[in-house]
Amino acid sequence: MKFGGTSVQGAGEFARVAEIVSSEKENSPVVVTSAMAKVTDALLNAFEAAKKGEVAAAFESLQPHFERHTKVSEKLTGGAGRESFQTELDYAREELNDLLVRASRRSLPLAMLKDAVVSYGEQLSSRLLAEVLKAKNLNAHHADARRLIVTDDEYGSAQPIWDETERLIQLELQPLLNNGEIPVLGGFIAASRGGETTVLGRGGSDYSAALIGAALKAREIQIWTDVTGVLTCDPRICPEARTLKTLSYEEAAELAYFGAKVLHPKTIQPAVDRQISVRVCNSHQPNERGTMILPQAQTTRRKVKSIAYKKGITILHITSARMLGAYGFMSAIFQIFERHRTVIDVVTTSEVSVSLTLDNTDALEAVVRDLQRIGTVEIEPDQAVVCVVGSGLRDTSGVASQIFAAISDINVSLISHGASSVNMTFVVREAVVGEVIKRLHTEFFTN
Ligand code: ADP
Ligand code: ASP
Ligand code: MG
């Protein structure tokens, strides 16, 4: 059972989580929690300020968040539990202050310090949740996820090393479950083989839950969030979006990858490997069933299931006339991205040119410099990828014309269709993506 930041944002939410966990206590749950809402952002901001030398201000900016934890603890725990959490919080304060000083003085590698700083969100929320559950007479047991999830040392979005992780999770959590205890862990956080704290990337608590679920061969992985399941589109853009009853792994993976924030893109993989179903449900409305993500797609009348989008995309157009008829053009291009560890999302090609999209532009300058040795490079920032998902889209006639007729007055580039049988992807300017999504939602779900 994984609870996202908005499901643990204050005392009311913590109390509700305790009820939800209690209702599953006969089913040997493992609880994974995100940081309290806004805490991860606050820690990241504090880190950036400290880097600029503003250590006192950085530390000060965290005070309200420490207080939010204390408030929950005062409301929902008592006695030894409250004291034990307060001790943890006092340690965390001191340790964070020390890490922020180090960041300002660059006394350890910054990437390493950043993950250490940001990990306190989940370290604190998980300890707090464990105490809250104990206060509700649940047999909760806090476990440090950093002892269970082993990753490489790609700070910021570390990759789990599966075999070791699986073994440690089984070794540590199975005896607790056998003993009738409820393990409570922070999501998102892990550690490298060398024991340094790492994190799994923004939104990574879902991923932690899936890894744990897979290692323990769970019957179900539950992602508890602030909306009722996976919807036909982001409800912040289309308030009339509806809950999907079921979704296939493949459809869910495409949606997650192309921006449906409700699931971390990598969540699905460990579940797919073990054929474990994933349920996305609403901690504010625990009685609604939410969305079941299943190995196979259910056949439905509707071919289009959901529409996702991802902003902040940059397009690169690479053209090289001397590549006409020559082999090795693609390979040369892709090697450059590999060298700079930059992920490409959408690719379209013609004989002498390649257009592709990036969402991480950290290495853009270096990538472009290398690409310019091959051909001319044109950069278009501020773009958005739109992804229409539904199983069988590749084999369904008319969907493409329906999509483009609905937005015929809007300029579309990099259309990609057919590579995956479940999606159709294209790029528009970021400024119009809201309008595009609304029109497509109306076209496929309202009309
Ligand atoms: P959590 O803190 O629980 O991990 P997130 O903010 O990461 O929650 O994800 C939930 C949010 O994802 C929702 O509030 C919603 O605004 C957004 N979202 C985007 N696309 C979708 C979609 N297709 N279905 C459901 N939610 C979506
Ligand atoms: N707290 C982390 C974040 O905000 C991880 C998560 O919530 O899943 O990205
Ligand atoms: Mg999330």
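Tabulated data
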item	result
Sparsely packed GluC sites (Glu not before Pro) within region 218-250, loop by DSSP, other Cβ within 10 Å at most 15	Glu240
Trypsin sites (Lys or Arg not before Pro) restricted to region 371-435 and DSSP loop, no more than 13 other C-beta within 10 Å	Arg373
P(r) of region 96-204 over all Cα-Cα pairs, binned every 10 Å from zero, in whole percent	15, 40, 32, 12, 1
Spatial separation of Cα centroids for region 124-166 and region 35-67, in angstrom	22
Long-range tail of P(r) for region 316-442 (Cα pairs > 23 Å, %)	39
Rounded FRET efficiency, nearest 0.05, which uses the C-beta distance separating Glu378 from Arg105 and R0 of 45 Å	0.60
C-alpha long axis of helix 11-23 to longest principal axis of the chain, angle in °	90
Largest-first principal axis extents, alpha carbons of region 1-71, Å	51, 20, 14
Bridge type composition, the chain - antiparallel percent by DSSP, nearest 5	65
Volume of the Cα convex hull of region 65-153, divided per residue and given in Å³	89
Values of log10 I(q)/I(0), in the order q = 0.08, 0.09 Å⁻¹, for the chain under a Debye, Cα-only, solvent-free model	-0.50, -0.64
Square roots of five times the Cα gyration tensor eigenvalues for region 7-142, Å	30, 14, 12
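Throughout, read-outs are computed from the coordinates displayed, never taken from laboratory work. Computed from a predicted model, the values in this text were never measured in an experiment. So basically every Cβ, Gly included, is an ideal-geometry build from the backbone, and we count neighbours across all protein chains shown.
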